[in-house]
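Notes for the one structure printed next.
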Amino acid sequence: MQLEKELIRRGLISEANLSIASALSRASFKPLPAVLVDSGYIDEADLLKVMANQHGLKFVLLSDMPIDSSAVRSVSAKLASHYGIVPVQIEDGVLTIAVSNPLDTSCVEDIETNLGLRVERVLACRADIRNALRTHYGVGAETVERILADSGERDHGADRAESYDLERMAEDASVVKLVNQLLQEAIKDRATDIHFEVHRERVIVRRRIDGILYDTSIPKKIELLYPAIVSRIKLMSGLNIVERRLPQDGRARVKIGNDNYDLRISIVPAVHGEDIVIRILPSTMLFDLANLGFSKTHLSAIQNFVMRPHGIIFVTGPTGSGKSTTLYACLSTLNTRDRKIITVEDPVEYELDGITQTQINPKLGLTFANALRSMLRHDPDVMMVGEVRDRETAEIAIQTAMTGHLVLSTLHTNDASSSAVRLVDMGIEPYLITPTVQVFIAQRLVRVICTHCKESYESDGKKLFRGAGCKKCGNSGYQGRIAIAEFLPMVPEIQELISARASALVIRKKADSMGMKTLAQDGEEKVAAGKTTMEELLRVTSV
């Protein structure tokens with residue numbers, strides 16, 4: 001009762017909400033503090049400060065507190081994870097640990113009995129403790145310890161690979177749990193890709209978040225289990241476990257929490273083993289042109305282009321510039337019951353209901369060009385070609401557009417002005433390009449300033465914005481990405497230059513004189529609007 005009275009006295013909760021939380025606590029047999037926080041009635045930090053005062057303890061922010069590595073080594077990952085504690089400091093036989101529940105003293109008794117240390121406690125938020133456990137022990141550290149303890153450690157991963165049936169290990173519940181933990185942590189941190197890289201004496205795991213690769217903290221001994229991890233991932237994606245000499249590609253579907261995810265797995269042989277890259281794709285994703293970050297002018301233009309009955313829309317840019325996402329958003333706009341839409345992709349990244357999607361398979365002779373020829377017999381209104389890579393594909397795409405179809409596709413060029421020149425270099429005659437292509441759209445993705453830690457500053461007399469870094473954005477200062485773009489529509493002046501086989505530089509100068517907004521200019525507008533930073537803009541637009 002003392003806690004409840006103190007919370008009301010400090011104005012941290014109303015009597016009505018406290019009464020509701022108390023009833024929930026009794027009905028669910030959960031401690032009242034946990035119910036108060038989980039139900040959103042009170043901020044955990046505010047609650048723990050009150051409890052710390054009542055129990056004579058200190059409340060700390062683990063992110064602001066140096067953690068002694070020797071203290072971490074003194075407590076096993078298994079023990080720390082089991083009790084949900086973080087060793088903070090060890091000095092003169094006294095171990096300081098961070099806990100989130102001052103009423104639970106079982107961890108103190110266990111440590112003092114088994115480690116012979118005297119324990120002192122400080123209070124910290126549960127999320128901070130979870131993050132600290134991941135940072136200082138590594139993702140899945142307690143699972144790694146349990147597996148190695150159960151099976152008996154070896155000095156070398158290679159010995160382990162030879163000594164154990166990898167398929168049996170891959171199906172072991174603990175290995176399954178370890179791989180699931182790695183996936184779950186990556187998804188929680190908004191990663192789009194996970195990279196597993198094996199070297200002579202260590203395994204590295206990196207994750208791509210908002211287009212940037214970050215190292216993942218993992219336990220060093222995970223290298224002993226790497227063969228089993230590789231085998232588990234192969235089993236998940238239906239790949240050959242015993243094949244280690246050739247690259248393999250597969251896919252899998254997993255459920256994390258209440259959400260399903262599609263995984264695209266690529267495995268390649270490296271000097272010291274097999275490297276893996278897992279692309280993480282939500283199974284259900286809403287594609288909306290209005291949410292991609294296009295300016296009002298660009299958004300209006302692309303909505304107009306996609307509603308035309310025929311012609312080609314090319315989206316250009318390097319790998320990872322968001323081309324496929326833009327095309328999927330266009331398809332979602334067009335996806336009505338009165339249209340037949342067919343795609344030819346490599347690979348099919350997202351499954352769209354109501355659309356016929358085909359993945360090419362060059363090994364079986366199913367190339368973009370061959371698939372396009374066959375798909376034309378299916379009476380489509382709209383076709384998407386994942387990428388125009390060669391003359392044959394380009395010619396068929398253009399012929400398709402000339403016969404009354406709308407075609408969406410991508411090219412690998414650095415800007416919009418280079419795209420027509422690229423097609424000419426492939427061997428496409430200019431007189432075929434000018435009447436069929438509607439627009440070349442070049443785009444990049446820039447990271448968005450985190451709204452939770454956004455701050456303003458002065459630079460050359462201008463008010464700009466940046467992210468200071470916080471828990472929400474992983475201290476990067478950014479959260480999410482939006483597109484910057486330049487549009488080159490096929491107006492008569494540009495068509496004349498293409499027909500004359502003008503260079504990309506000449507086409508760009510003409511487009512600039514006609515008011516084309518370049519990638520850099522579009523990005524500068526987003527910097528001025530406080531959506532991204534100049535540093536981020538320079539990162540993606542500098543050649």
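Quick notes on this structure:
- Between VAL176 and ARG373, full extension at 0.36 nm per residue minus the direct alpha carbon distance yields a gain of 66.6 nm.
- Proximal aspartates and glutamates to LYS517, defined as alpha-carbon separation beneath 15 angstrom and excluding residues fewer than eight positions away on the same chain: ASP415, GLU486, GLU525
- Applying 1/(1 + (r/R0)^6) with R0 = 60 Å to the Cβ-Cβ distance of HIS82 and GLN521 gives a FRET efficiency near 0.60.
- Partnerless Cys - the chain, beta-carbon criterion under 4.7 Å: CYS107, CYS125, CYS330
- Mean residue ellipticity (222 nm) of the chain, computed from DSSP H runs ≥ 4 via -39,500 (n - 2.57), nearest 500: -12000 deg cm²/dmol
- Local electrostatic count at LEU537 - Lys and Arg +1, Asp and Glu -1, tallied over other residues with Cβ under 11 Å: 0
- Rg over Rh [alpha-carbon atoms, Kirkwood Rh] for the range 181-222: 0.97
- Rounded accessible area of SER266 (nearest 10 Å², 1.4 Å probe): 40
- For VAL88, the residues whose modelled amide H falls within less than 5 Å of its own, excluding neighbours fewer than 5 places apart on the same chain, are THR96, ILE97, ALA98.
- Accessible carbon and sulfur surface of the chain relative to its total accessible area, %, 1.4 Å: 48
- In the structure shown, the pairs LYS177/LYS531; LYS296/LYS510; LYS323/LYS509 are assessed against 27 Å; a Cα-Cα span above that value is assigned to LYS177/LYS531.
- Kirkwood analysis of the range 260-368, using all unique Cα-Cα pairs, places the hydrodynamic radius at 16.3 Å.
- Modelled spin labels at ASP390 and GLU201, positioned 7 Å past Cα toward Cβ, are 4.7 nm from each other.
- Values of log10 I(q)/I(0) for the range 1-114 across q = 0.13, 0.23 Å⁻¹ run -0.59, -1.29, by the Debye formula with one identical scatterer at each alpha carbon and no solvent.
- The alpha-carbon of LYS471 sits under 18 angstrom from the alpha-carbons of these aspartates and glutamates, leaving out residues fewer than 8 places away in its chain: ASP43, GLU44, ASP46, ASP64, ASP128, GLU185, ASP189, ASP210, ASP215, GLU455.
- For THR113 and LYS30, a Förster radius of 30 Å and the Cβ-Cβ distance give a FRET efficiency of 0.60, rounded to the nearest 0.05.
- Rounded D (µm²/s) - the chain, Kirkwood Rh over Cα pairs, Stokes-Einstein at 25 °C, 0.890 mPa s: 90
The values are calculated or read from the model by the stated rules, or taken from the named source; none is laboratory data. If you're wondering where the values come from, they're calculated on a predicted model, not measured in any experiment. For neighbour counting, all protein chains shown are included, and Cβ atoms are generated from backbone atoms with ideal geometry for every residue, glycine included. Surface areas here come from the heavy atoms of the whole protein model, side chains and all, with no ligands, DNA or RNA. Shrake-Rupley method; radii C 1.70, N 1.55, O 1.52, S 1.80 Å.
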